[in-house]
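S.K.: I'd like to ask you about the structure that follows.
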Amino acid sequence: MTTAAPQHQPRILSGMQPTSDSLHLGNYIGALRNWVGLQDDFDTFYFVADLHALTVPTDPELITRRTRITAAQFIAGGVDPAGSAIFAQSHVAQHPELMWVLACQTAFGEASRMTQFKDKTAKGQNANVGLFTYPILMAADILMYDAEKVPVGDDQRQHLEITRDLAVRFNQRFGETLTVPDAHILKESARIMDLTDPTSKMSGSTSPDKGLVLLSDEPARITKKLKSAVTDADGEIRYDVEGKPGVSNLLVIHSALSGTPVAELEAHFAGQGYGALKGEVAEVVVETVGPFKARMDELLDDPAELDTILAKGAERAAEVAAATMDRVRDAVGLLRPAR
Ligand code: TRP
């Protein structure tokens, strides 16, 4: 028997770190748009992982600004504050609280095996303990809300696995308390590549500015970036990721935003040159990013209103989080504070 019988639609939770001044087209097509599409059928919780962002030393003003930007971009991308709880992780104090309890169920060796930590420290990043416990905080984020599905990119797979392991172990030790989540790994089919190097993923941390379409870019800038996208010399518009990564990337972007299947695009562009393809992709991207940017700017012009949205989201989240912590306290034997 489970004590965690949820009285709501199946719950979805995901988060993004406020680590850049803008999401890019890859984040939008690969993740955010997916979040938006889940809102109707699920009880959705989307948050800005500001505590996770502290694992890398960052200027305090940057974290503040980027937390608001990230939240504004969720909303501009179609996450509806009336339907989804949109909040900042640090506004729900139970996250680090649950993390502590879970950390005490995590073997040191298990945490040491996390590849993201190993990669980052191997690259010489001066790691702090927060970076080490990053996956345990992420497990707390997820388990707090009885999330059944967690839409994330493939790079988060191992974090989802440790989350599941921790939930199962907790339930074995203390009785059914936590919901074991499923990873909902977002499809690689709509993988958006760097415009200057179409064999690498479009990445906010490693792509050069010219390789990225930022959701905060002005239309003229977007057009310029797409027109100078790297293609190849054979002049044929055909989808072939291995042989023609640049052209394939442009077709994928077009198709993802226009909804036109790639095969139809190939037929449509038959006999035309790359200039035509790039021009049309630029138009399609501007049609999406233009309204997005307008809405984002509007939200960022009124930070008080945005903060109110975040406060409401945190209030909804905290209600669930408090109930989870009560169960967790009961399970492990921590006295509930008298209320
Ligand atoms: N680690 C995730 C990333 O970098 C962000 C994140 C933090 C997250 N907590 C989460 C994602 C909980 C999903 C669920 O992309």
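S.K.: Has the stretch 61-72 got any residue that is more than 12 Å from the ligand (Cβ to nearest atom), open to solvent by less than 10 Å² (accessible area, probe 1.4 Å), closer than 22 Å to Leu215 by Cβ and under 17 Å from the mean Cα position of the chain (by Cα)? Steps first, answer last, please.
M.R.: So the first thing to find is which residues in the stretch 61-72 are more than 12 Å from the ligand (Cβ to nearest atom), and the list is 61-69, 71-72.
If we keep only those that are open to solvent by less than 10 Å² (accessible area, probe 1.4 Å) too, we end up with 71-72.
Applying the additional criterion that residues be closer than 22 Å to Leu215 by Cβ yields 71-72.
Next, only the ones that are under 17 Å from the mean Cα position of the chain (by Cα) stay: 71-72.
Checked against the condition, which is being more than 12 Å from the ligand (Cβ to nearest atom), open to solvent by less than 10 Å² (accessible area, probe 1.4 Å), closer than 22 Å to Leu215 by Cβ and under 17 Å from the mean Cα position of the chain (by Cα), the stretch 61-72 yields at least one hit.
S.K.: Additional query: Of the conditions (1) hydrophobic (A, V, I, L, M, F, W, C); (2) within 12 Å of the ligand (Cβ to nearest atom); (3) open to solvent by less than 30 Å² (accessible area, probe 1.4 Å), Val56 satisfies every one except a single condition; which number is it?
M.R.: So Val56 meets the others, but not (3).
S.K.: Just wondering, is there one or more residues in the stretch 177-193 that are of a type in the set (Ser, Thr, Tyr), closer than 30 Å to Ser255 by Cα and outside any helix (DSSP H, G or I)? Steps first, please.
M.R.: Taking the stretch 177-193 first, the residues of a type in the set (Ser, Thr, Tyr) are 177, 179, 189.
Those left that are additionally closer than 30 Å to Ser255 by Cα: 189.
If we keep only those that are outside any helix (DSSP H, G or I) as well, we get none.
No, the conditions are met nowhere in the stretch 177-193.
S.K.: When Gly30 is evaluated against the numbered criteria (1) at pLDDT 95 or above; (2) in contact with a Leu (Cβ under 6 Å, 6 or more places away or on another chain), which criterion, by number, is the only one it fails?
M.R.: So Gly30 meets the others, but not (1).
S.K.: Checking the condition buried (at least 16 other Cβ atoms within 10 Å of the Cβ) and free of Cβ contacts under 8 Å to residues at least 12 places away in the same chain, which residue from Ser200, Ser255 passes?
M.R.: Values: Ser200 fails: buried (at least 16 other Cβ atoms within 10 Å of the Cβ).
Checking each option against the conditions leaves just Ser255.
S.K.: Another question, if that's okay. Output yes when any residue across the stretch 166-188 is within 15 Å of the ligand (Cβ to nearest atom), of a type in the set (Lys, Arg) and either surrounded by fewer than 19 Cβ atoms within 10 Å (Cβ to Cβ) or under 18 Å from Gly26 (Cα atoms) (or both), and no when none is.
M.R.: Checking the stretch 166-188: not a single residue is within 15 Å of the ligand (Cβ to nearest atom), of a type in the set (Lys, Arg) and either surrounded by fewer than 19 Cβ atoms within 10 Å (Cβ to Cβ) or under 18 Å from Gly26 (Cα atoms) (or both).
S.K.: Go through the stretch 37-51 and report how many residues are of a type in the set (A, V, I, L, M) and away from the ligand (no atom under 12 Å from the Cβ).
M.R.: 1
The rows are residues; the columns are (1) within 30 Å of Ala49 (Cβ to Cβ); (2) within 24 Å of the chain's Cα centre (by Cα); (3) open to solvent by less than 10 Å² (accessible area, probe 1.4 Å).
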site	(1), (2), (3)
Pro261	no, no, no
Thr308	yes, yes, no
Lys312	yes, yes, no
Ala323	yes, no, no
Val332	yes, no, no
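S.K.: Just name the residue that is nearest to Pro181 (Cα to Cα) out of those in the stretch 104-136 that are hydrophobic (A, V, I, L, M, F, W, C) and within 13 Å of the ligand (Cβ to nearest atom). If you could, list the steps in order and put the result at the bottom.
M.R.: Kept after step one, since they are hydrophobic (A, V, I, L, M, F, W, C), are these residues of the stretch 104-136: 104, 107-108, 111, 114, 117, 122, 127, 129, 131-132, 136.
Still in the list and also within 13 Å of the ligand (Cβ to nearest atom): 114, 117, 131, 136.
Numbers: Met114: 19, Phe117: 22, Leu131: 23, Ile136: 14 Å.
Across the stretch 104-136, the extreme among qualifying residues is Ile136.
S.K.: So for the stretch 137-157 (the condition being polar (S, T, N, Q), modelled with pLDDT under 95 and either in contact with a strand residue (DSSP E or B) (Cβ under 8 Å, 6 or more places away or on another chain) or within 14 Å of the ligand (Cβ to nearest atom) (or both)), does at least one residue qualify? Write out each step before concluding.
M.R.: Residues of the stretch 137-157 polar (S, T, N, Q): 156.
With modelled with pLDDT under 95 added as a condition, the list becomes 156.
When the remaining residues are screened for being either in contact with a strand residue (DSSP E or B) (Cβ under 8 Å, 6 or more places away or on another chain) or within 14 Å of the ligand (Cβ to nearest atom) (or both), the result is 156.
Yes, some residue in the stretch 137-157 is polar (S, T, N, Q), modelled with pLDDT under 95 and either in contact with a strand residue (DSSP E or B) (Cβ under 8 Å, 6 or more places away or on another chain) or within 14 Å of the ligand (Cβ to nearest atom) (or both).
S.K.: For Trp100, which of the numbered conditions (1) open to solvent by 70 Å² or more (accessible area, probe 1.4 Å); (2) more than 30 Å from Leu335 (Cα to Cα) fails to hold?
M.R.: Here Trp100 clears every test but (2).
S.K.: Determine whether Ser205 is open to solvent by 70 Å² or more (accessible area, probe 1.4 Å) and in contact (Cβ under 8 Å) with a residue 60 or more places away in the chain. Break it down into steps so the answer makes sense when it comes.
M.R.: Details: open to solvent by 70 Å² or more (accessible area, probe 1.4 Å): yes; in contact (Cβ under 8 Å) with a residue 60 or more places away in the chain: yes.
Yes.
S.K.: What number of residues in the stretch 126-147 are in contact (Cβ under 8 Å) with a residue 40 or more places away in the chain and either open to solvent by 50 Å² or more (accessible area, probe 1.4 Å) or more than 26 Å from Glu315 (Cα to Cα) (or both)? Before you say what the answer is, go through the steps one by one.
M.R.: Filtering the stretch 126-147 for residues in contact (Cβ under 8 Å) with a residue 40 or more places away in the chain gives 128, 130-131, 134, 137-147.
Checking the rest, the ones that are also either open to solvent by 50 Å² or more (accessible area, probe 1.4 Å) or more than 26 Å from Glu315 (Cα to Cα) (or both) come to 128, 131.
Here the count works out to 2.
S.K.: For the stretch 250-291, which residues satisfy the criterion of being within 17 Å of Ser228 (Cβ to Cβ) and aromatic (Phe, Trp, Tyr)?
M.R.: Selection gives Tyr274 alone.
S.K.: Suppose we keep only residues that are within 26 Å of the chain's Cα centre (by Cα) and part of a loop (DSSP other than H, G, I, E, B) within the stretch 210-241. Which one would you say is surrounded by the most Cβ atoms within 10 Å (Cβ to Cβ)?
M.R.: Step one: list which residues in the stretch 210-241 are within 26 Å of the chain's Cα centre (by Cα), which gives 210-219, 221-223, 225-226, 229, 241.
When the remaining residues are screened for being part of a loop (DSSP other than H, G, I, E, B), the result is 212-213, 215-218, 229, 241.
Details: Leu212: 25, Val213: 29, Leu215: 22, Ser216: 21, Asp217: 22, Glu218: 13, Ala229: 24, Val241: 15.
It comes out as Val213.
S.K.: Checking Ala88 against (1) under 23 Å from Gln9 (Cα atoms); (2) away from the ligand (no atom under 13 Å from the Cβ); (3) open to solvent by less than 30 Å² (accessible area, probe 1.4 Å), which test does it fail?
M.R.: Of (1) under 23 Å from Gln9 (Cα atoms); (2) away from the ligand (no atom under 13 Å from the Cβ); (3) open to solvent by less than 30 Å² (accessible area, probe 1.4 Å), only one is false for Ala88: (2).
S.K.: Take Leu300 and tell me if it is open to solvent by 40 Å² or more (accessible area, probe 1.4 Å) and at pLDDT 95 or above. Can you show your working first?
M.R.: Details: open to solvent by 40 Å² or more (accessible area, probe 1.4 Å): yes; at pLDDT 95 or above: yes.
Yes; evaluated as a whole, the condition is true for this residue.
S.K.: Something else: If we keep just the residues of the stretch 174-193 that are at pLDDT 95 or above and in contact with a strand residue (DSSP E or B) (Cβ under 7 Å, 6 or more places away or on another chain), which is farthest from Val152 (Cα to Cα)?
M.R.: Ranking the qualifying residues of the stretch 174-193, first place goes to Met193.
The values are calculated or read from the model by the stated rules, or taken from the named source; none is laboratory data. Source: prediction; values computed, not measured. Glycine also receives a Cβ, built like all others from the backbone with ideal geometry; neighbour counts cover every protein chain displayed. Heavy atoms of the whole protein, side chains included, go into the accessibility calculation; ligands, DNA and RNA do not. Shrake-Rupley method; radii C 1.70, N 1.55, O 1.52, S 1.80 Å.
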